[in-house]
Each structure stands twice: as structure tokens, then as C-alpha cells.
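Peer 1: Below is a structure I'd like to ask you about.
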Amino acid sequence: MFAYVVRRLIGGVFLLLLVSLVTFVLFFAGPINPAKFTCGKQCTPALIEQNTKALGYDKPVLEQWGTYVVGIVKGRDFPDDPALKKTAPETIAHCSAPCLGYSPQTSQNVTTELQPRIPVSVSLAIAAFIMWMIIGVGAGIIAALLRGSVIDKALVGVSLIFYAMPTVVTGLLLYQFVAIKWQLVPAPQYVPFSQSPVQWLQGLFLPALTLALYYAAGYVRLTRAFILETLGEDYLRTAKAKGVPRVRVLFRHTLRAALTPIVTQAGLDLGALLGGAIITEQIFSYPGLGALAVSSANQYDLPTTIGIVLVVATFIIIANLVVDVLYGLIDPRVKLA
Amino acid sequence: MTESPLLEVDNLSVEFLQRGAATVNAVRGISYHVNRGEFLGIVGESGSGKSVSSMAVMGLLPSTARVTGDIRYRGESLLERDDKTLSKLRGKEISMVFQDPLSALTPVYTVGNQITEALKLHDSGLSDKAADARVIELLTTVGIPAPERRAKAFPHEFSGGMRQRVMIAMAIANDPDLIIADEPTTALDVTIQAQILEVLQKAKEVTGAAVVLITHDLGVVAGNVDRVAVMYAGRLVETGTVEQVLTAPRMPYTMGLLRSVPNMQTAGRSRLVPMEGRPPSLAALPPGCPFEPRCPASIDACSTAEPPLVQIGGTGPGSREVACIRADEFERGTLGIADVFPHPEPVPPEEQAQVKGATVLQVTDLKRHFPLTKGVVFRKTIGSVKAVDGITFDIEEKQVLGLVGESGCGKSTTILEILELARPQSGSIELNGVDVASLNSSARLKLRGDVQVVFQDPMAAIDPRLSIEDIVSEPLTVRGASRSERSAKVRELLETVGLDPAMSGRYPHQFSGGQRQRIGIARALATDPKLLILDEPVSALDVSIQAGVINLLQDLKDSRGLSYLFVAHDLAVVRQIADVVAVMYLGRIVELGEADNVFSHPQHPYTQALLSAVPIPDPRVERTRQRVLLDGDLPSPTQEIPGCNFHGRCPLFKILDAAHQERCIQTDPSLRSVHNSSVACHFAEENPLRVTGVDITEKEKS
Ligand SMILES: Nc1ncnc2c1ncn2[C@@H]1O[C@H](COP(=O)(O)OP(=O)(O)OP(=O)(O)O)[C@@H](O)[C@H]1O
Ligand code: SF4
Ligand code: SF4
Ligand SMILES: [Mg+2]
């Protein structure tokens, strides 16, 4: 088990290297010199030239990538010029490990830029996750048990609506009615947990609900389908034949098997969401990774974009690992190897 | 002392209401009873309502079922009880053992956990420690080795036989008074089946419970039960003691069942009696006797009203019940089983193919080992699976070699090696005197026509969108025959295998299992082969249909002089058709000889165990038979076993003295000639084990 986790983590590191290499090649092999975006209106060919040098864009892509990877581990300086360091140390910007590069657009180290945003996206993702698991799986179980009834049809129908509705629409509707018109909750905004847990929760409610409704819709159908499939299994008949009462057959013998694939799906969905919910963060002006991803892409802010890609990839890799380990714990037939 | 029966089923009917389709009358007014401590067998073809009627007793039918009539347990009606009170009864008073234990145990809990659950449900005061102790005790009772350790294992870590033992342990956990076992041994190897039936008998002794054994196998019934009830199309059609029903049946359906299954002791002496047709649809029953369309004894009156189940032979202890208009004639003896189901005649001598007895297939010291590797990037060989480990046999013209053995012993690998027609890993394969290793590709293609194969379900691997004509003629197309040639050949072949040539434009799904197997045989015959390799050709078929296909194969052999390599796990079928038998165990042939010789005087302890595990549908034989039981399952094929690879399970080994045992452990016995057969056992001459029962051959006069 331990060996398995270590092996998977090492594999994950390799995967991240690969992801960063591919993004690097894709971005820097493009026809546009990223240094052009570093100085805005004051750009002169000389200035661009200077920035290109300072940021190392003049080097071959592979070498740049190498420097970048080393920088993540050791930190780096911009420009990395030992001579300049002695003569004019004040012109050098240091970026300490883990250094994800320097963004001239925001005149900030990418790491510094990302750091405060991660808890925002993570809070949102986890809150949404808890909500959608309760709503989705709960409704799915009810629908499966009452198969064919009006309640079943209503649940499946409603979930279809939410599934089809873009989060922009759901989010805006919730915002309009719940927060503004009916004033049931304060207008959503991000308040750090350390500042006020209550406000943190209140601020999270609507954006998390927006996401949760969308995901829950899928989970209703997924849960319902898996439970119905499991209900046909022979071992439930065995359980009944030995005298297990109906409710216990459901909770002890049916759900455990039916939920296994749902755990997998949930883990992967959560992993992807930890990296930021682009639209939802935009709607509720939440300062998370998703919102940043949009603005950095718009401004051709390559270092920031690559940084976000790497953070998201890390979340997904970890979520995958957690899912696989959980899967092995839930289902003894799965051998971790 | 008229004690009321333990279970009384009174005029029970079960209907399944189906949306948009006719109601299925799965069970139609059946009545039977089970006395305390009695062993009742319920026999019938698939779909006859056996499972549905017993699920009704347990109250486990789906909500679409409408149950009428009455079921009384200890005089109290069960049908009116709600699910809650019924679940108190289930597993405590009445318990059930199901078929296919692979899917019948919850995969995510250990077997110990599942048995404990059964215990605690009915005894909430039971302490954990006491429950654990009881689990170990139960697992020991059903013969699970190392029960402390195995209790912590999950169902998937057990073999099929072991899982079935766990099911039985769970069923007897609360000392029930009635155990219903629904096909508990179907899909298990015969040796394992024999073990499980033994465990079931033991469970019955330990608990004193009555047992209802549901099966489609008359042989299983013969040696175990007191009374038999035969079901057909949702009805009971014959009941009586096991002797009455199996040795002197009074209902044509029972007769047909008995005559269509080969009896391992008598098989091969005459052709089997096919019982063509299928049971009627339970959603659209004809007005008369449901067996009428298939009954050779039917008369006009049979199609007007359904005969009720009535007592014949008085009301005394010898009384029995039969549902047949002509039961009286059978009872008086004016109509006999031989009149209704005469044995078909074999191919007359003048139509038999004349052969010189040349060798068609010669396999010499064939080996196929599969390396076992570990690791993904750097593969290490950590051992090998000896799937086939040096086997030698030959098949002559118009000869049938039966290859038998438990699943996993290497039968399929042997077949695949022969079909490759390529140089084997080790040893040699000669077809018609030509060593296949010497063939170039065009010669190989030519030779391929000489050896064809028929699988268990020949259509499984075929595109369902092809018509029968395309399927049968495919081997000819490959060889470049013209369209009209092919068409003519297809018609001829379909005729040969007993199908209407006009059906050649139809598609596989329009045919029944037996017909599909005939199509498979027609296809195999397309290239006029000399050797047919038949891999479990009838094991997927209902017994009544099996007989027709076996007869066809025997006729084809006789009239065309074909040779067969016949692989099957059903030994009675093998005795019916084979001239020579080879018994395989873990990649080796352990006994090889004339079929009659091997079946009547098996000499290798494994053959003895295998034969004695086969149930014979005759209670007189079953009562007097001596059994040689095997321990445990087939060992893992990766295991290296020194000396004789059978010694871990060998019943002879167990009764040898230490010096002799040493020889078994040290030295690998090779195949040598003992009393006209070849046997691979050091002590074949001294083997005191016997498997014979009463020889019924003289008594059988028809
Ligand atoms: N839930 C159901 N809905 C509709 N029909 C059913 C249902 N369960 C069983 N049947 C039908 O009832 C009939 C009797 O089925 P049953 O399972 O009792 O047969 P069986 O004798 O046990 O056969 P087998 O040997 O294959 O187990 C069959 O025609 C079957 O198709
Ligand atoms: S009643 Fe008629 S058709 Fe039915 S089994 Fe008897 S003889 Fe055959
Ligand atoms: S050699 Fe020994 S172990 Fe092998 S079959 Fe004979 S008696 Fe049994
Ligand atoms: Mg059944």
C-alpha cells in the first residue's frame, strides 16, 4: 500500500513534468514573442529586447523549460545574471521556490499571485462537493427505491433540467432571486475563513449551490442507475433469504457496492473542480483560480497560465490517487498494484 | 401418529403480470408437502417453475408476482405474513442455498462477516466471541480447511465449490428445520458436485432439517432424496418415491427425461432417445396436456383437457401421483417405456463407412508451458504454468477419443495446440501421417480442411448478421468454391445434420440451441474433414436436445468414417460416444484406454474418483455404490508439485504406508500399461479402491 502510493506519487511527478513540457512547447513555439506583452504602451524594440533577455525568452524552449523546472525546486532570479547581481542587485527580482515564473503583466511572481487564490477555489469546490453529494446521491437513492413512481419521475426530470441548464443561467438566477430580490442570503463574496467562518460560509453558499446543482443533476442519474443495477444482484436475494430486513439489505448490501463507482466519479470531479470553476467564479466575482485563468488567458499572460495548468494538474493527479486508494479500500476485489 | 407435515404447499399458483404482454403462468396450482426431516427432490427442465415455486415459499418473489393458493409452515399460513415477520423466519426456520455462489455472496464483505450477520440477525444477544467461534465451527462442518484464516477471506478469493460450502454453512447457521437448495451444484465440476452433495447430506444430519433439492439432473436426485416431484410447464406431473419415479416412471415426460440422458453405467450400448421440441410458452398454454406436442404416446383426448395429478396404485404406502390420461395403461403394463420411447437404430452395417484403421492424429509428448512473469518494465519469469505437460495419444479412422478431466486440466490448450497446425513448443503432432512442423503455409491451408472444430456455442464467435448459408459455406468460400457449388453443398449439409435446407436463408438468432449446434456441425463438415474436434459440443444444451445432437454425431461417424477428438466434462456423454478415453489431470494424461475398460475398471485413483462422482439416475445403483471422494479443489496451476502431481488429493495415497507415500512424493509416475490400459500411478496394481455398484446392465431389458 505504502509502496503503491510512493510509486504513484513518483509517477505523478513525471506526469507533471510532461504536462509542463507540453504547455511550454505549445506556448513558446507560437509565433508571438511573449515579451511584447511585457511593457504595454511603453514598448520599444529595445525594451522588448531587454525584457526578452531578462525573462530568458531568447533561449531555446527546452533550456527555458529546464530552467523553469529547476526554478520550481530551487527558486530563481530575474534576470539570472550573476554580473548584474553584483553591480546592481536592486534590478533583480528574486522568486523563491516553488517558483512558477514571473508575470510581467502583473509584475508579480506567479506563485505569489496564485497563493491567495488557491484557498478560494478549494473552499468553493469542497463546499459544492459536499452539497452535491448530499443532494445528488440522496435524490438518486430515493429515485431508485421509488422507481416508476411520480417522485422518481419528478426527480429525474428536475435533474435533467439542471443538467441541461448552463451554470451561467443557474448562477445568475440564484443571484438575482435568492440574494438580491428575496435577500435570503447576503450577496456572495469571498471572506477568508480565518477572518470569519460564518461569513465565509454565507459568502460561499450561492456559488457553491450553483455548482452543486449542476453536478448533483448528474449524480442523481448515476446513483439511480447503479442502485437499480445492484438491486438485481443475486447476493441481495441471499441476504433476504437469511433474514436480513429490507432496510438493512439496502444500506448494508446494496449501497456499498452501488456507491463504489460513484466514489470514483466524485473524486475525479472534485479534483478537476479544485483547480477553479471558471464561470461560477466569474459570475460571483470570486477571486479564485478560475477567474484568474480567464484574465491571464485574455492578457496572454503565459507564465500565469502555465502556473495554473500545473496547479490544476497536481490537484487532478492527487484526486486520482486518492480515488484509487479509496476504491481499493471499499472493494476488496480491487488489487492495488 | 399422524404428524402434520412441516411444509404444505396447497394449490399454489404464481402469475407474473407483464406490462404490454400476456401474463406468465409460471406455477399453476401445485400441491406438495415436505415432512420433518424428509429429503424431497424437485426435478424439471429450465423454466418449469421450480425456482419460482420455492421463492414463493420464502416470500422472495418480485412485486410483479401474484401468488394464490396457500403455503403453510407448521400449519400456519405464510402468504398472509408481512415481510417483517417473514424475515424473522427466513434463515432461522427456513433457509436457502442458491445456484452460482459467485454472485450469491456479497462481494464486499468477508465470508466470516456474512455468516456472522446471519447468526446475529436471529440471536441479537450473541457475543462477538461466540459468533466467531460458531463461524469457525460452521466452516469446519462444511469442510473448509484452515477456517480461522478463511473466515477473513472475501468471496472472490474462494473457488466455486468453496463458495457453495460457505452458502451451506450460512444456511445451517441457525439450525433451520427446512433447507431449500436451488440447483446447488449446477455449473460445478462433478468431483466438486459430489463433495457438495456430501456436505448437504451432512448439513441435513447435523441440523435434522428437511431438505428440498431443486435440480434438473435426475442423477443427482437418485442418490440423495426420498421422494421426487417432477415439474413440467408450471405443474407437477409426477410424484412418488425416488424408486418409483426413476425406475418405473408412469408419465411420458419422466420417461423421456430418463431415456434422453446417458447413464454412465450403461451408456454406449444403444442410441439415446431424443425428446424433441420445447416446453410450451407459459404465457400461451394449449388447452390440453402441456406435454402433448412432444409426447409420442399422445392420443386425441390429450389435447382437449389438461389431465389432473391423480393418485394411482391405491392410497397405501405405494401410492403415487401422475398427471397423464394413460397412466393406468402404464400402471397395468399394457403400455411400456419401450413403446413410447424406443431407442433409435444405429446406422446399419451396409451403410457404415469401411475403414482400414489408419492413424488420423498422432500426438507425441506434446508440451505447452506458459511462462509466468512479473513486473511491467523489467519482466521476470517467476515460474511457468504447465498447461499441457507431455501428453501422447493417437486417434484412428472412425474412432472417437474422449478427453475428460476437471476444468482447468488442460483440455482446451490441447485442442488449441492441435488446431494451430504449427510446430508445438515441444513434442510432435502428426495429421494423416504428416508432421505439422514440416508444413509450409500452402500445405497448412490445405491440411486445415482435414481437421475442423465445433465449439460449445458455435455461433458465439460468428457475425449474427450472416445468414446460415454464409456461415456454413464460409470454409468453402475461403477455398474458392463458386456460388452455385456452395449453395448446393450447404443444402446437402443441412440435410445431413437434420435441418430443413429451406432454412438456409435464415439467421442464427432464429434457431434454438440444438439447431445452432447442428449448424455448427454442418459448417465443420463443409470441407469434408477427416477429424472433428468437438469441444464440449453438447454441454450448453438442455438434456432433451443433447440426445439428438449426440445421435447425429454418432451417425455421422459411422456413415462417414469420421474421427472425433471429443472433449467433455460429462462422463456419461463421453461413455456414450467414445471408443477410447484419455483422463487428464494437471496437464498430464493419467489413464488412457478402451472406453469400456476404463469405465468399468478404472485403475488410476483419479479416474476412480472422477467416475464415482458422476451421479447415476438409478437409485438401486446409487444406494450400493462405493464412493471415492476427492479432497479439495484442483491445485493452482502455478504450483510446483514434486513427485506425482496428484498426491495432495489422492485417495489411494492416504491409505498407503509411509514408505509407499514417500515414493509418490519423490517420483513422478509415468504412463505404463496395466491390465490393458495405460495408467500413471505407481500402485495401480495394488489399488484396493473400487467404484462399482450394482451392475444394472442385465436388469435393463428393453
Ligand atoms: N420476475 C419474473 N417475471 C416474469 N416471468 C418470470 C419471472 N421470474 C420467472 N419467470 C418465468 O417463470 C417461469 C418459471 O421460472 P423458474 O425460474 O421457476 O424456472 P426453473 O424451473 O427454476 O428453471 P431453471 O432450471 O432455469 O432454474 C419461466 O418461464 C420464467 O421465465
Ligand atoms: S396426457 Fe397424453 S400427451 Fe400428456 S403425457 Fe399423457 S399421453 Fe402424453
Ligand atoms: S502415484 Fe501415488 S499419489 Fe500418484 S496417483 Fe498413484 S498412489 Fe496416488
Ligand atoms: Mg431455477
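Peer 1: Determine whether A:ALA239 is assigned to a helix (DSSP H, G or I), at the interface with chain B (Cβ under 10 Å from one of its Cβ atoms) and open to solvent by less than 50 Å² (accessible area, probe 1.4 Å).
Peer 2: Yes: the conditions hold for A:ALA239.
Peer 1: Mind checking which residues of the range A:132-175 are more than 27 Å from A:ALA257 (Cα to Cα), among the polar types (S, T, N, Q) and free of Cβ contacts under 8 Å to residues at least 60 places away in the same chain?
Peer 2: Within the range A:132-175, just A:THR170 meets the criteria.
Peer 1: Taking the range B:656-684 only, how many residues are modelled with pLDDT of 90 or more and more than 9 Å from ligand 3 (Cβ to nearest atom)?
Peer 2: 12
Peer 1: Now, a different point. Could you say whether any residue in the range A:176-192 is touching a residue at least 12 places away in the same chain (Cβ under 8 Å) and in a helix (DSSP H, G or I)?
Peer 2: Checked against the condition, which is being touching a residue at least 12 places away in the same chain (Cβ under 8 Å) and in a helix (DSSP H, G or I), the range A:176-192 yields at least one hit.
Peer 1: In the range A:270-291, is there at least one residue being assigned to a helix (DSSP H, G or I), touching a Leu at 6+ places or on another chain (Cβ under 6 Å), crowded, with 24+ Cβ neighbours inside 10 Å and more than 14 Å from chain B (Cβ to nearest Cβ)?
Peer 2: Yes: the range A:270-291 contains one or more residues that are assigned to a helix (DSSP H, G or I), touching a Leu at 6+ places or on another chain (Cβ under 6 Å), crowded, with 24+ Cβ neighbours inside 10 Å and more than 14 Å from chain B (Cβ to nearest Cβ).
Peer 1: Continuing with this model, one more query. Kindly establish whether B:ILE168 is buried (at least 24 other Cβ atoms within 10 Å of the Cβ), more than 16 Å from ligand 3 (Cβ to nearest atom) and part of a strand (DSSP E or B).
Peer 2: Against the criterion (buried (at least 24 other Cβ atoms within 10 Å of the Cβ), more than 16 Å from ligand 3 (Cβ to nearest atom) and part of a strand (DSSP E or B)), B:ILE168 does not qualify.
Peer 1: Please go through the range B:155-165 and give me each residue that is within 14 Å of chain A (Cβ to nearest Cβ) and either surrounded by fewer than 19 Cβ atoms within 10 Å (Cβ to Cβ) or in contact with a Phe, Trp or Tyr (Cβ under 7 Å, 6 or more places away or on another chain) (or both), ordered by number.
Peer 2: B:HIS156, B:GLU157, B:GLY160
Peer 1: Can you name the residue in the range B:307-329 that is touching a residue at least 24 places away in the same chain (Cβ under 8 Å) and within 10 Å of ligand 2 (Cβ to nearest atom) and is also nearest to the other protein chains (Cβ to nearest Cβ) among such residues?
Peer 2: Applying the filter and picking the extreme gives B:ALA323.
Peer 1: Go through the range B:9-27 and give me each residue that's open to solvent by 60 Å² or more (accessible area, probe 1.4 Å) and in a loop (DSSP other than H, G, I, E, B).
Peer 2: Passing the criteria: B:LEU17, B:GLN18, B:ARG19, B:GLY20.
Peer 1: Return the total of residues in the range B:120-139 being open to solvent by 50 Å² or more (accessible area, probe 1.4 Å) and either β-branched (Val, Ile, Thr) or in a helix (DSSP H, G or I) (or both).
Peer 2: Count: 8.
Peer 1: In this structure, is B:THR247 closer than 27 Å to B:ARG28 by Cβ, of a type in the set (S, T, N, Q), touching a residue at least 24 places away in the same chain (Cβ under 8 Å) and away from ligand 4 (no atom under 16 Å from the Cβ)?
Peer 2: So B:THR247 does not fit the description; no.
Peer 1: Run B:THR254 past the list (1) in the same structural domain as B:CYS302 (by TED's automatic domain parsing); (2) outside any helix (DSSP H, G or I) and report the number of the one that doesn't hold.
Peer 2: Result: B:THR254 passes all but (2).
Peer 1: A further question follows. Report, by residue number, each residue of the range B:83-110 that is at the interface with chain A (Cβ under 8 Å from one of its Cβ atoms) and within 22 Å of the chain's Cα centre (by Cα).
Peer 2: Hits for the range B:83-110 are B:MET96, B:PHE98, B:ASP100, B:SER103, B:ALA104.
Peer 1: Away from ligand 4 (no atom under 15 Å from the Cβ) and either on the phi > 0 side of the Ramachandran plot or surrounded by 22 or more Cβ atoms within 10 Å (Cβ to Cβ) (or both): which single residue out of B:GLN201, B:GLN193 fits that description?
Peer 2: B:GLN193
Peer 1: Can you name the number of the only condition in (1) β-branched (Val, Ile, Thr); (2) at pLDDT 90 or above; (3) open to solvent by 40 Å² or more (accessible area, probe 1.4 Å); (4) more than 30 Å from B:ALA582 (Cα to Cα) that B:VAL322 fails?
Peer 2: (3)
Peer 1: Under the condition of being open to solvent by 50 Å² or more (accessible area, probe 1.4 Å) and either outside the structural domain of B:SER87 (by TED's automatic domain parsing) or closer than 22 Å to B:GLU243 by Cα (or both), which residue from the range B:28-63 is nearest to ligand 1 (Cβ to nearest atom)?
Peer 2: B:SER31
Peer 1: Only one of A:GLY66, A:GLY75, A:GLY71 is within 29 Å of the chain's Cα centre (by Cα) and at positive phi; which?
Peer 2: A:GLY75
Peer 1: Scan the range B:64-79 and give yes if some residue there is of a type in the set (Asp, Glu) and within 14 Å of ligand 1 (Cβ to nearest atom), otherwise no.
Peer 2: No, because not a single residue in the range B:64-79 is of a type in the set (Asp, Glu) and within 14 Å of ligand 1 (Cβ to nearest atom).
Peer 1: In addition: Would you confirm whether or not the range B:319-327 contains a residue that is closer than 22 Å to B:VAL261 by Cα, of a type in the set (A, V, I, L, M) and in a helix (DSSP H, G or I)?
Peer 2: No, that holds for no residue.
Peer 1: In the range B:445-496, what residues are more than 32 Å from the chain's Cα centre (by Cα), assigned to a loop (DSSP other than H, G, I, E, B) and without any contact (Cβ under 8 Å) to a residue 12 or more places away in the chain?
Peer 2: B:GLY480, B:ALA481, B:SER482
Peer 1: Among the helices (runs of 4 or more DSSP H) confined wholly to the range B:607-682, which include 2 or more residues that are out of contact with any His (no Cβ under 6 Å at 6 or more places or on another chain), crowded, with 20+ Cβ neighbours inside 10 Å and free of Cβ contacts under 8 Å to residues at least 24 places away in the same chain?
Peer 2: Result: empty, no element qualifies.
Peer 1: What residue, of B:ILE115, B:ILE168, is closer than 23 Å to B:VAL206 by Cα and facing chain A (nearest Cβ under 10 Å)?
Peer 2: After ruling out the rest, the residue left standing is B:ILE115.
Peer 1: Hey, another quick one. Among the numbered conditions (1) among the aliphatic types (A, V, I, L, M); (2) within 13 Å of another protein chain (Cβ to nearest Cβ); (3) under 27 Å from B:ASP83 (Cβ atoms), tell me where A:ILE227 comes up short.
Peer 2: The number of the failed condition is (2).
Okay, residues lined up against (1) closer than 19 Å to B:THR638 by Cβ; (2) part of a strand (DSSP E or B):
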{"site": "B:GLU331", "(1), (2)": "no, no"}
{"site": "B:PRO342", "(1), (2)": "no, no"}
{"site": "B:LYS367", "(1), (2)": "yes, yes"}
{"site": "B:THR381", "(1), (2)": "yes, yes"}
{"site": "B:VAL388", "(1), (2)": "yes, yes"}
{"site": "B:ILE395", "(1), (2)": "no, yes"}
{"site": "B:LEU401", "(1), (2)": "no, yes"}
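Peer 1: Further question: Restricting attention to the range B:62-82, which residues are under 34 Å from the mean Cα position of the chain (by Cα), within 11 Å of chain A (Cβ to nearest Cβ) and of a type outside the set (S, T, N, Q)?
Peer 2: Passing the criteria: only B:PRO62.
Peer 1: Being open to solvent by 30 Å² or more (accessible area, probe 1.4 Å) and either assigned to a helix (DSSP H, G or I) or farther than 18 Å from A:PRO79 by Cα (or both) is the filter here, so list the residues in the range A:89-126 that pass it.
Peer 2: Within the range A:89-126, A:PRO89, A:GLU90, A:THR91, A:THR112, A:GLN115, A:PRO116, A:ARG117, A:ILE118, A:PRO119, A:VAL122, A:ILE126 qualify.
Peer 1: Exactly one condition in (1) open to solvent by 10 Å² or more (accessible area, probe 1.4 Å); (2) assigned to a loop (DSSP other than H, G, I, E, B) is false for B:THR239; which is it?
Peer 2: The failed condition is (2).
The values are calculated or read from the model by the stated rules, or taken from the named source; none is laboratory data. These numbers come from a predicted model, not from an experiment. FYI the Cβ positions are ideal-geometry reconstructions off the backbone, even for glycines, and counts take in every protein chain you see. The accessibility values were calculated without ligands, DNA or RNA, using every heavy atom of the protein model including side chains. Shrake-Rupley method; radii C 1.70, N 1.55, O 1.52, S 1.80 Å.
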